[in-house]
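Right, one structure below, let's go through it.
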Amino acid sequence: MNRALPAVRLRVPTHEDAFVWHRIFDDPDVMEFQGGRAAELSVYEELTARQRRHDAELGFCLWTVLDESGQVIGFTGAQPWERAWGPAGEIEIGWRLAREHWGKGYVTAAARQTLERMRVTGVPGVVAMVDARNSRSIAVTRRLGMRLAETFTTPAARRTGHCYRLDLKVVDAQ
């Protein structure tokens, strides 16, 4: 069944979004694959500031996702992979949504907008690093047309993860 995706809007995160992200991500279900609990508020303040810098310098970031009513429901976007392990030098697409908005198509709609924005910036491809147990995010990667490229073990948590890839090059139709 193909249902219509909800309307979402992406915008550069504001300082105030740090407070909203901190609140809506303070849910063990939301944070199950990111350590189990929300980070301190200061982490979200730094994250939103870094995303504003990414947008200004790179033309993309982890954007704040707004639903049809304009309510902040999470983030979706892309940023350079910043860890010493994994796909160094590549651009990672990612998402995180408040629990009450799961299963409604918001992430897929926002991630598709992200991919279009990434194509415009000229980024040749993106990766998605997903915990192997995260069936919801794996389903999103499939809906986006990404392919499983690699299986890895995270250094700190020693968990199995998947690296999905998607080529964003526009093919000339001549």
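The values are calculated or read from the model by the stated rules, or taken from the named source; none is laboratory data. Remember, predicted model here, so these are calculated numbers, not experimental data. Here Cβ is always computed from backbone atoms with ideal geometry, including for glycine, and neighbour counts include all displayed protein chains. Quick note on the areas: whole protein, heavy atoms, side chains included, nothing else; ligands and nucleic acids left out. Shrake-Rupley method; radii C 1.70, N 1.55, O 1.52, S 1.80 Å.
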Under 7 Å by Cβ, and 6 or more places apart or on different chains, what pairs join a residue from the stretch 48-61 that is under 11 Å from residue 77 (Cβ atoms) with one that is in a helix (DSSP H, G or I) and acidic (Asp, Glu)?
-> 61/55
Index of the failed condition, residue 92 passing every other in (1) among the acidic types (Asp, Glu); (2) more than 24 Å from residue 156 (Cα to Cα); (3) buried (at least 19 other Cβ atoms within 10 Å of the Cβ) | (2)
For the stretch 8-82, please list each of the strands (runs of 3 or more DSSP E) lying entirely inside it that holds at least 1 residues being out of contact with any Phe, Trp or Tyr (no Cβ under 7 Å at 6 or more places or on another chain) and of a type in the set (A, V, I, L, M).
-> 62-66, 72-80
Among the numbered conditions (1) among the small types (Gly, Ala, Ser); (2) at pLDDT 95 or above; (3) surrounded by fewer than 18 Cβ atoms within 10 Å (Cβ to Cβ), tell me where residue 122 comes up short.
-> (2)
Output the number of the condition that residue 140 fails; it satisfies all remaining conditions of (1) open to solvent by less than 80 Å² (accessible area, probe 1.4 Å); (2) assigned to a helix (DSSP H, G or I); (3) within 14 Å of residue 78 (Cα to Cα).
-> (3)
Of the residues that make up the stretch 86-104, is at least one within 10 Å of the chain's Cα centre (by Cα), under 26 Å from residue 22 (Cβ atoms) and of a type in the set (Phe, Trp, Tyr)?
-> yes
Considering every residue within the stretch 110-129, establish whether at least one is touching a helix residue (DSSP H, G or I) at 6+ places or on another chain (Cβ under 6 Å), among the basic types (Lys, Arg) and over 15 Å from residue 30 (Cβ atoms).
-> no
Which listed residue, of 12, 43, 8, is in contact (Cβ under 8 Å) with a residue 40 or more places away in the chain, under 17 Å from the mean Cα position of the chain (by Cα) and closer than 20 Å to residue 99 by Cβ = 8
Residue selected from the stretch 143-174 under the condition polar (S, T, N, Q) and not in a strand (DSSP E or B), by the criterion farthest from residue 3 (Cα to Cα) = 154
Looking only at the stretch 94-112, decide whether some residue is at pLDDT below 90, assigned to a loop (DSSP other than H, G, I, E, B) and closer than 22 Å to residue 38 by Cβ.
-> no
Look through 18, 56, 4 and report the one residue that is at pLDDT 95 or above, on the phi < 0 side of the Ramachandran plot and open to solvent by 30 Å² or more (accessible area, probe 1.4 Å).
-> 56
